[in-house]
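**Q** I'd like to ask some things about the structure below.
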Amino acid sequence: MTLPQPDHRHHTYADYLSWPDDVRYELIDGVAYLMSPAPTLEHQDVVGEIYYQLRQALGDQPCRAYVSPVDVRVPRAAEDDADIDTVVQPDVLVICDRGKTDRRGVRGGPDFVVEVLSPGTASHDHVRKRQVYERAGVREYWLVHPVDRTLTVYRLEQGRFGGAAVTELAGETPVGVLPGVVIAWDALIGRLASSED
């Protein structure tokens, strides 16, 4: 998954903006990662359904849901955008502070992030991106496992993600940082099951 880097350069957002538009990368601590080829229909169905439910539930609240690809720039301090060395593209994200959004995407940690796992990205999402989201102050991070039909939830506690809570994709799961918002799984899981036949 790592982009070959024969010069071993430390990349920044300025480099990232110069790369070809037809290939997607994420940049974590200056290391460029080539993203997987187009995701499966199952992956996109899960992403789309979660986004749709969030969008419907949030209505005209100040919080707003977005779906990938959206660049999330994660500064370490107050550095200029060009010097930021971490840029990720969560599958689904919610931003409650509109001051973090601009025409290029998001600067700073979203309030809520969902990554839908696929075999090629599972360790990347579980390890590297979890560390990025924790550092960025993401208040709640979900990892959805469509094959295993499980959900792993991390919540920020005193600046760190607490232990993972793992549940089955069934019934409804409340989004802890968005009061009154739940994700309903049963219809989606029914669609996924019928697509496997």
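**Q** Checking Arg128 against (1) basic (Lys, Arg); (2) open to solvent by 70 Å² or more (accessible area, probe 1.4 Å); (3) more than 24 Å from Arg24 (Cβ to Cβ); (4) touching a strand residue (DSSP E or B) at 6+ places or on another chain (Cβ under 7 Å), which single condition isn't satisfied?
**A** (3)
**Q** Look at the stretch 48-66 and say how many of its residues are open to solvent by less than 50 Å² (accessible area, probe 1.4 Å) and within 21 Å of Gly190 (Cα to Cα).
**A** 5
So that you can scan it fast, the table gives a plain yes or no per residue for (1) buried (at least 17 other Cβ atoms within 10 Å of the Cβ); (2) touching a strand residue (DSSP E or B) at 6+ places or on another chain (Cβ under 9 Å):
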| residue | (1), (2) |
| --- | --- |
| Thr40 | no, no |
| Val46 | yes, yes |
| Ser68 | yes, yes |
| Asp71 | yes, yes |
| Ala77 | no, no |
| Arg104 | no, yes |
| Gly109 | yes, yes |
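**Q** Kindly evaluate Gly99 against the criterion of being crowded, with 21+ Cβ neighbours inside 10 Å and either farther than 14 Å from Pro69 by Cα or hydrophobic (A, V, I, L, M, F, W, C) (or both).
**A** Numbers: crowded, with 21+ Cβ neighbours inside 10 Å: no; either farther than 14 Å from Pro69 by Cα or hydrophobic (A, V, I, L, M, F, W, C) (or both): yes.
Criteria not met by Gly99.
**Q** Out of all the residues in the stretch 160-194, which are open to solvent by 20 Å² or more (accessible area, probe 1.4 Å), of a type outside the set (Gly, Ala, Ser) and farther than 18 Å from Ala65 by Cα?
**A** Across the stretch 160-194, the qualifying residues are Arg160, Phe161, Val166, Thr167, Glu168, Glu172, Asp186, Ile189, Arg191.
**Q** Moving on to the next point. Can you list the strands (runs of 3 or more DSSP E) lying wholly within the stretch 132-197 that have 2 or more residues being over 21 Å from Pro62 (Cβ atoms)?
**A** Result: 140-145, 150-157, 165-168, 172-174.
**Q** How many residues does the stretch 10-40 hold that are among the hydrophobic types (A, V, I, L, M, F, W, C) and modelled with pLDDT of 85 or more?
**A** Qualifying residue count, the stretch 10-40: 7.
**Q** Turning to a different aspect of this structure: From the list Val113, Val177, exactly one residue is among the β-branched types (Val, Ile, Thr), touching an Asp or Glu at 6+ places or on another chain (Cβ under 9 Å) and over 30 Å from Asp21 (Cα atoms). Which is it?
**A** The conditions single out Val177.
The values are calculated or read from the model by the stated rules, or taken from the named source; none is laboratory data. What you see is a predicted model; the values in this text were computed from it and never measured. Counting neighbours? That spans all protein chains shown, and the Cβs are built from the backbone with ideal geometry, glycine included. Ligands, DNA and RNA are stripped out before the accessible areas are found, and what is left, the full protein with its side chains, is counted by its heavy atoms. Shrake-Rupley method; radii C 1.70, N 1.55, O 1.52, S 1.80 Å.
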